[in-house]
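Working notes for the structure below.
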Amino acid sequence: MLIKIKDVAEMLAMNQSNIYKLVYHKAIPYIKIGGALRFDKDKIIAWINQNSCDMINPKSKRL
């Protein structure tokens with residue numbers, strides 16, 4: 001399913017200008033159809049999973 005930049009911005013809790021920056025730096029998967037940017041929702045979810053960090057247990061001892 002292809003989604004628009006506003007949908008990606010909502011998924012990532014970012015503003016659209018930051019998504020445009022990620023596109024400019026080719027840091028996020030996107031598709032250009034004519035002059036319009038579209039994003040494959042499944043690829044965005046996979047990208048989020050690949051670029052997320054595991055939470056550190058706040059009660060664990062520091063290194």
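The values are calculated or read from the model by the stated rules, or taken from the named source; none is laboratory data. Everything numeric in this text was worked out from a predicted model, so none of it was measured. For neighbour counting, all protein chains shown are included, and Cβ atoms are generated from backbone atoms with ideal geometry for every residue, glycine included.
A single entry from Ile31, Ile5 fulfils the requirement of being touching a strand residue (DSSP E or B) at 6+ places or on another chain (Cβ under 6 Å) and loosely packed, with under 14 Cβ neighbours inside 10 Å: Ile31.
Is it true that Ile48 is of a type in the set (A, V, I, L, M, F, W, C), at pLDDT below 95 and in a helix (DSSP H, G or I)?
On the way: of a type in the set (A, V, I, L, M, F, W, C): yes; at pLDDT below 95: yes; in a helix (DSSP H, G or I): yes.
For Ile48, the condition - of a type in the set (A, V, I, L, M, F, W, C), at pLDDT below 95 and in a helix (DSSP H, G or I) - is met.
Here Ala13 passes the criteria (1) on the phi < 0 side of the Ramachandran plot; (2) within 11 Å of the chain's Cα centre (by Cα) except the one numbered (1). Among residues of the range 3-24 that are part of a helix (DSSP H, G or I), those with a beta-carbon under 7 Å from a residue that is modelled with pLDDT of 95 or more and polar (S, T, N, Q) at least six positions away or on a different chain give the pairs Ile5/Gln16; Lys6/Gln16; Ala9/Asn15; Ala9/Gln16.
Of all residues in the range 34-45, those satisfying the criterion of being exposed (fewer than 14 other Cβ atoms within 10 Å of the Cβ) and either of a type in the set (A, V, I, L, M) or part of a loop (DSSP other than H, G, I, E, B) (or both) are Gly34, Gly35, Ala36, Ile45.
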